[in-house]
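Everything below concerns the one structure shown next.
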Amino acid sequence: MQNLSSSRAATPIAFVKAIVGAYERLGKSPAHALESAQIAPELLEDPTARISAAQMERISDAAMRELDDEALGWFSRRLPWGSYGMLARASISAPNLGVALKRWCRHHGLLTDDISLQVQTTKDITTISLTEQRDLGAMREFCLVSVLRNLHGVACWLIDSRIPLQGAQFPFAAPAHHQVYAVLFSGATTFEKPQAQIRMDARYLDLPLRRNEAALQQMLEHALPLTVLQYRRDRLLVQRVRQALAMHPEQTRSAHDLAALLYLSPRTLHRQLKDEGASLQQLKDEVRRQRAQDLLLRTDRPIKQVSTASGFQNEKSFMRAFKGWTGQSPAEFRHAAGTTPGSPGG
């Protein structure tokens, strides 16, 4: 028998208690669901207890089937098994992720009016907001976290890509288990905000969907597989790295600093770039070379300033790198292009 608790235990027991509460309100026993997820009943009495993602998926699956409610008691009326499948089917024919997410949020309002979901894009950031239309009571935290986690999971699944979040926020005070939010949501999580939200790079919305009906059917055989499914590939990572290197040259000199800016660990950054057939050094060289050449051709800045602005810690390493790229020193490159300090071309 598979040991479901062998992986990292990060899901707070408070979410399990919320599921148990849904059973109790219907006068039903959660014993079978707890047993199938290998969750000892005594854990419910320990507010510091945690369960693994696999255990959470298993108990959610069992509860949704036994209660015939994919919302697990969040809303004033049940969402019968297959409700979220209808949303997925309505979204999967969309031309890109942006249209799919807007369809999902719009159609979610047909399932329940207890909450509403909106997708908004401002400049380069897309925000998915959840507005509460009634008091969700004891289910509030579990509902808001689950709906946004599931929607994020759907988005990742639809384009078959990791989508790193740039942040999440919630309208309640930080719970006792607030540390686990760093695992549940990438990026910083803040509390006591006007409404629940997650934020992501808007460029993901332009990506085409990569799933078909057969993949959808397979995904819908189980409840909530999206909340624990990890995506190694980030289809925008190379673009995001290039942009970060270009926009923040002095803050991305080390892999550690760059990874922090992208809400990744250095190890994950290197691994995912490798999966995409790229390397950090290669991208650094591309961006630094382009910036250095632009500055040398379009400005009359001294070589030392060009070096710093291109992301190098010292002029010597810049000179060595530039000669390796072009076969010329920066001064020779500038002179050959007819752009010397103080010239009209600068």
Next item on the list: Could you list all residues from the stretch 177-204 that are touching a helix residue (DSSP H, G or I) at 6+ places or on another chain (Cβ under 8 Å) and in a loop (DSSP other than H, G, I, E, B)?
Entry: HIS177, PHE185, PHE191
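Do we find that ARG134 is in a loop (DSSP other than H, G, I, E, B), at pLDDT 95 or above, farther than 20 Å from LEU101 by Cβ and basic (Lys, Arg) in this structure? Step through it out loud before you land on a result.
Details: in a loop (DSSP other than H, G, I, E, B): yes; at pLDDT 95 or above: yes; farther than 20 Å from LEU101 by Cβ: yes; basic (Lys, Arg): yes.
Yes, satisfied.
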Next item on the list: List the number of the failed condition for ALA53; all other conditions in (1) out of contact with any Leu (no Cβ under 8 Å at 6 or more places or on another chain); (2) surrounded by fewer than 20 Cβ atoms within 10 Å (Cβ to Cβ); (3) farther than 21 Å from ALA138 by Cα; (4) not basic (Lys, Arg) hold.
Entry: (2)
Note to self: Need the failing condition index for VAL228 against (1) within 30 Å of GLU70 (Cβ to Cβ); (2) at pLDDT 90 or above, just the number.
What the structure shows: (2)
Notebook entry, point to check: For residues in the stretch 172-211 being among the small types (Gly, Ala, Ser) and under 13 Å from the mean Cα position of the chain (by Cα), which is surrounded by the most Cβ atoms within 10 Å (Cβ to Cβ)?
Noted result: SER186
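One line per residue, one yes/no per condition, for (1) in a helix (DSSP H, G or I); (2) within 30 Å of PRO30 (Cα to Cα):
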site	(1), (2)
GLU66	yes, yes
GLY73	no, yes
ARG89	yes, no
CYS105	yes, no
GLN118	no, no
LEU151	yes, yes
ALA168	no, no
ALA174	no, yes
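This table checks each residue for (1) of a type in the set (Ser, Thr, Tyr); (2) in contact with a helix residue (DSSP H, G or I) (Cβ under 7 Å, 6 or more places away or on another chain).
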{"position": "GLN243", "(1), (2)": "no, no"}
{"position": "SER254", "(1), (2)": "yes, no"}
{"position": "ALA260", "(1), (2)": "no, no"}
{"position": "LEU269", "(1), (2)": "no, yes"}
{"position": "LEU273", "(1), (2)": "no, yes"}
{"position": "ARG291", "(1), (2)": "no, yes"}
{"position": "ARG298", "(1), (2)": "no, no"}
{"position": "MET319", "(1), (2)": "no, yes"}
{"position": "GLY324", "(1), (2)": "no, no"}
Notebook entry, point to check: Mind checking which pairs have a first residue in the stretch 201-217 that is under 12 Å from GLY98 (Cβ atoms) and a second that is in a helix (DSSP H, G or I) and acidic (Asp, Glu), Cβ under 9 Å, 6 or more apart or different chains?
Noted result: none
Note to self: Suppose we filter ALA100, ALA94 for residues that are touching a residue at least 60 places away in the same chain (Cβ under 8 Å), part of a loop (DSSP other than H, G, I, E, B), among the aliphatic types (A, V, I, L, M) and in the same structural domain as SER146 (by TED's automatic domain parsing); which single one remains?
What the structure shows: ALA94
Notebook entry, point to check: Of all residues in the stretch 287-329, which are of a type in the set (Lys, Arg), surrounded by fewer than 16 Cβ atoms within 10 Å (Cβ to Cβ) and within 20 Å of ARG242 (Cβ to Cβ)?
Noted result: ARG298
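The values are calculated or read from the model by the stated rules, or taken from the named source; none is laboratory data. Note that the structure is predicted; figures quoted are calculated from it, not measured. Here the Cβ is made from the backbone with ideal geometry for all residues, glycine too, and neighbour counts use every protein chain on show.
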